[in-house]
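Peer 1: Handing you this structure, nothing more for now.
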Amino acid sequence: MAKTDPAQTCVQHLSSMKCQHLAMNSLPSSLPDNLKTLDVSHNLIWELRSVSISHLHELEKFNIEHNHLETIENGALNTLLQLRSLNLASNRLYKHYSSHKGVLDSLHNLKRLNLANNNLDSDMVRCYLSNITSLVSLDLAWNSIAILFSGMFDGVPRLTELDLSNNIIAEIERGAFDSLQYLRVLNLAFNAISCISSFDLPQLHLLNLSSNSIQFFHSQTSHNFYQLRKLDLSQNSLVSFPILPENNMVQYLNLSRNNIQELFPLSNQSEENLKMASWYETIADVDLPSTIENIISHLTYIIELDLSYNQLTSFPWQFLSYISSLKNVNMAENCLHSITEVFHPQMSHQNAKNWIISLRSLRILDIHGNSISHIPKRLFDLMPEIEQINLKNNYIRFCRSKEDDTTENVCTTFSGARHLRYLNLQNNRIEHLPPNVFQHTPLYSLDLSDNIGLSIHEGALTEVQQSLQIMSLKRNLMKDSQTNLPCLKWLKTLDLSGNRLTVIPASLQCSAMESLNLQHNALRLVDGQTVLAWVHSLQWVLISGNPYDCCSLRWLNLWLMSEINILDLENTHCVYTDTNISVPINNTNIQSQYCRQHTTQSLLTIIVILIVCLLSVFCIITIANRKACLTRKFRSKVASEIPKHIKAMKSEGKQVWFTVSSKGTSTHK
């Protein structure tokens, strides 16, 4: 039997061919000459030979990742003069690497090269990168690189993107990147770097150092203008704010998941902790407090600052006052107990005024997962343009009245937050939502979920009637009496799941509801007027987990006929009240049968009861008539006998009294 050419099982479209997952041991021998794209990934190819590809003069993209490639024949790639992208990831190029020196040098138009996951060390990398002067993007992730030495990248001087993530890099020699004057993006995430003591890459735009062991980040003292826009230092061991270049353009700074306790000023204790580090001698002559203060004063471009999952104990007002362009601050999951330390003891009145101006740019504040109990009203004077606040998992207490609001640092009100649109108060152990807390606050989205036993007082949401469109009250175990909701005309998304409601608040019928969650309540049916009110606007709804009456499902039929998407209909059950049997709510045939039986049995029972009642009434009337008849006869007899007795008594000259009863007549002298 003739051996089948693997090329016959490939998929070709115009000048592109895909031969993936075919268990091929070698490249097909009859590849078309005009191919521009060839994908032979996920096979068992172990060798590249010139006989298979020397005729592919027009090839621009070649993907051979996830094979067993360990040998590239000398000169095999020499004819691929148009090749721009070569993917060699997930192969075995660590084998025979010494014989591969210069194997890629002939690819004068190559722009993108992927050597990820080939178990390459530093020397092997330099061997493959001996002279590819056209290369602009290089992926070396998931290898075994432990050190970046000087001259390592001299063969790729035009690199703009370099990915070195997921290696074991612990040391970066001075001058390792000196030849990469065009480098803009550098990814060093998931390595073993413990310190950056002399950062000097002014050409970089993006630097990712996340998931290392960095305790200190220090830039080289320089008057050069640094173009760095995004710096990611998350998931390290930083104990202080990084010392950035004085002239920087950093806009996005991620310091989440570190060990930072304070930002400014650096306390004596923090500095002592730094001195214990093995690398401290490299910066021993630096006046850290002064240096940090100087650097912070130059943070004029930062838009987004992430300080989440650190150990901050106080809100860094003074630090934030320097960042005039700041729009988004994340201090979630720290150790904040309050944010009331608004003014620093040594701050002049003039500086305090500058604070108010400098914080006008802030739009988003995330402080969830702390222990904050109240928000001072003057916060909204310092952040007048704030639009989003996330206070999830805190311990917020509301002011019960306007009089409470006048007492500083006691309770919380969002009155006067004139631009606040999104507010998350999930899991704050809030028991009461009083009136006036949202006065002059145009909320668009409000999350009050996971506040068990929450009671919404009448008038609490009156101020947001004309703005609120998204509201969550899930998992509050609220009863009907605790849900005093006004007419929320613009409400479109509502989550009432996980409560104890027996009815949907009728006040909400005025809204044009689009999405609704009613799961896990105590609903036996949905009011017909509510169903009709939302039948044209509702797009999807969740209804399972309620004890619906199987024989009162006309409301559901209306929603089904309106093609509303009931997402959990298959998991929804109803209950027959006379038997307490629960069945799937979509089994309409059985439901109809049970309901007819139930109706017939009920009618028979009513008829029997009526007959018994009629018979009882008839018997009572009959007995009453007989008694009345006997009484009339008895009275007639007595009436006829009395004159005779009276006449006899009078003849004897005696006075007589008569007592007449149903037992007869008795005479008393």
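The values are calculated or read from the model by the stated rules, or taken from the named source; none is laboratory data. All of these numbers come straight from a predicted model, not from anything done at the bench. Cβ coordinates were reconstructed from backbone atoms using ideal geometry, including for glycine residues, and neighbour counts include every protein chain displayed. Keep in mind that these areas ignore ligands, DNA and RNA; they rest on the heavy atoms of the full protein, side chains included. Shrake-Rupley method; radii C 1.70, N 1.55, O 1.52, S 1.80 Å.
Peer 1: Restricting attention to segment 216-226, does a residue exist that is over 36 Å from the mean Cα position of the chain (by Cα), in a loop (DSSP other than H, G, I, E, B) and among the hydrophobic types (A, V, I, L, M, F, W, C)?
Peer 2: Yes.
Peer 1: I need the full set of residues from segment 485-503 which are more than 22 Å from the chain's Cα centre (by Cα) and open to solvent by less than 20 Å² (accessible area, probe 1.4 Å), in order please.
Peer 2: Once the filter is applied, which keeps residues that are more than 22 Å from the chain's Cα centre (by Cα) and open to solvent by less than 20 Å² (accessible area, probe 1.4 Å), segment 485-503 yields LEU485, LEU488, LEU501.
Peer 1: Considering only residues that are over 25 Å from TYR309 (Cβ atoms) and aliphatic (A, V, I, L, M), look in segment 186-215 and name the one that is most open to solvent (accessible area, probe 1.4 Å).
Peer 2: Result: LEU201.
Peer 1: Criterion first (of a type outside the set (Lys, Arg) and within 23 Å of GLU65 (Cα to Cα)) does LEU188 satisfy it?
Peer 2: yes
Peer 1: To continue, here is another question. Across segment 520-540, which residue is nearest to LEU560 (Cα to Cα) among those that are part of a loop (DSSP other than H, G, I, E, B) and open to solvent by less than 40 Å² (accessible area, probe 1.4 Å)?
Peer 2: Among those that are part of a loop (DSSP other than H, G, I, E, B) and open to solvent by less than 40 Å² (accessible area, probe 1.4 Å), it is VAL535.
Conditions tested, residue by residue: (1) modelled with pLDDT of 70 or more; (2) open to solvent by 40 Å² or more (accessible area, probe 1.4 Å).
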residue: VAL239; (1), (2): yes, yes
residue: LEU244; (1), (2): yes, no
residue: LEU266; (1), (2): no, no
residue: TRP279; (1), (2): no, no
residue: ILE283; (1), (2): no, no
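Peer 1: Restricting segment 21-38 to residues that are open to solvent by 60 Å² or more (accessible area, probe 1.4 Å) and more than 17 Å from LEU48 (Cβ to Cβ), which is nearest to the chain's Cα centre (by Cα)?
Peer 2: Looking at the filtered set, the residue picked out is HIS21.
Peer 1: Kindly indicate whether any position in segment 385-405 is at pLDDT below 90 and in contact with a helix residue (DSSP H, G or I) (Cβ under 6 Å, 6 or more places away or on another chain).
Peer 2: For segment 385-405, residues at pLDDT below 90 and in contact with a helix residue (DSSP H, G or I) (Cβ under 6 Å, 6 or more places away or on another chain): present.
Peer 1: Looking at segment 353-362, is at least one residue over 18 Å from PRO434 (Cα atoms), among the hydrophobic types (A, V, I, L, M, F, W, C), modelled with pLDDT of 85 or more and out of contact with any Lys or Arg (no Cβ under 7 Å at 6 or more places or on another chain)?
Peer 2: no
Peer 1: Moving on to the next point. Just give me the residues in segment 308-340 being buried (at least 19 other Cβ atoms within 10 Å of the Cβ) and β-branched (Val, Ile, Thr), in sequence order.
Peer 2: ILE323, VAL329, ILE339
Peer 1: Mind checking which residues of segment 179-210 are at pLDDT below 95 and of a type in the set (A, V, I, L, M, F, W, C)?
Peer 2: CYS195, ILE196, PHE199, LEU201
Peer 1: Would a scan of segment 395-411 turn up a residue that is surrounded by fewer than 20 Cβ atoms within 10 Å (Cβ to Cβ) and aromatic (Phe, Trp, Tyr)?
Peer 2: The answer is yes, given that some residue of segment 395-411 is surrounded by fewer than 20 Cβ atoms within 10 Å (Cβ to Cβ) and aromatic (Phe, Trp, Tyr).
Peer 1: On to the next question. Looking for whichever is assigned to a loop (DSSP other than H, G, I, E, B), within 22 Å of ASN586 (Cβ to Cβ) and modelled with pLDDT under 95 here; the options are SER552, SER544. Which one fits?
Peer 2: Step by step, each of SER552, SER544 is checked, and only SER552 is assigned to a loop (DSSP other than H, G, I, E, B), within 22 Å of ASN586 (Cβ to Cβ) and modelled with pLDDT under 95.
Peer 1: Just name the residue that is least open to solvent (accessible area, probe 1.4 Å) out of those in segment 88-102 that are among the small types (Gly, Ala, Ser) and in contact with a His (Cβ under 8 Å, 6 or more places away or on another chain).
Peer 2: ALA89
Peer 1: Considering only residues of segment 119-147 that are open to solvent by less than 10 Å² (accessible area, probe 1.4 Å) and touching a helix residue (DSSP H, G or I) at 6+ places or on another chain (Cβ under 7 Å), which is farthest from SER85 (Cα to Cα)?
Peer 2: ILE145
Peer 1: Right, something else. Of all the residues that make up segment 39-60, how many are among the hydrophobic types (A, V, I, L, M, F, W, C) and buried (at least 17 other Cβ atoms within 10 Å of the Cβ)?
Peer 2: Within segment 39-60, residues that are among the hydrophobic types (A, V, I, L, M, F, W, C) and buried (at least 17 other Cβ atoms within 10 Å of the Cβ) number 6.
Conditions (1) touching a Pro at 6+ places or on another chain (Cβ under 9 Å); (2) at pLDDT below 95, marked per residue:
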{"residue": "ALA2", "(1), (2)": "no, yes"}
{"residue": "ASP5", "(1), (2)": "yes, yes"}
{"residue": "HIS13", "(1), (2)": "no, yes"}
{"residue": "MET17", "(1), (2)": "yes, no"}
{"residue": "PRO28", "(1), (2)": "yes, yes"}
{"residue": "LEU38", "(1), (2)": "no, no"}
{"residue": "HIS42", "(1), (2)": "no, no"}
{"residue": "SER50", "(1), (2)": "no, yes"}
{"residue": "GLU58", "(1), (2)": "no, no"}
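Peer 1: Among residues belonging to segment 154-174 that are farther than 18 Å from LEU207 by Cβ and of a type outside the set (Asp, Glu), point out the one that is most open to solvent (accessible area, probe 1.4 Å).
Peer 2: The residue in question is ARG158.
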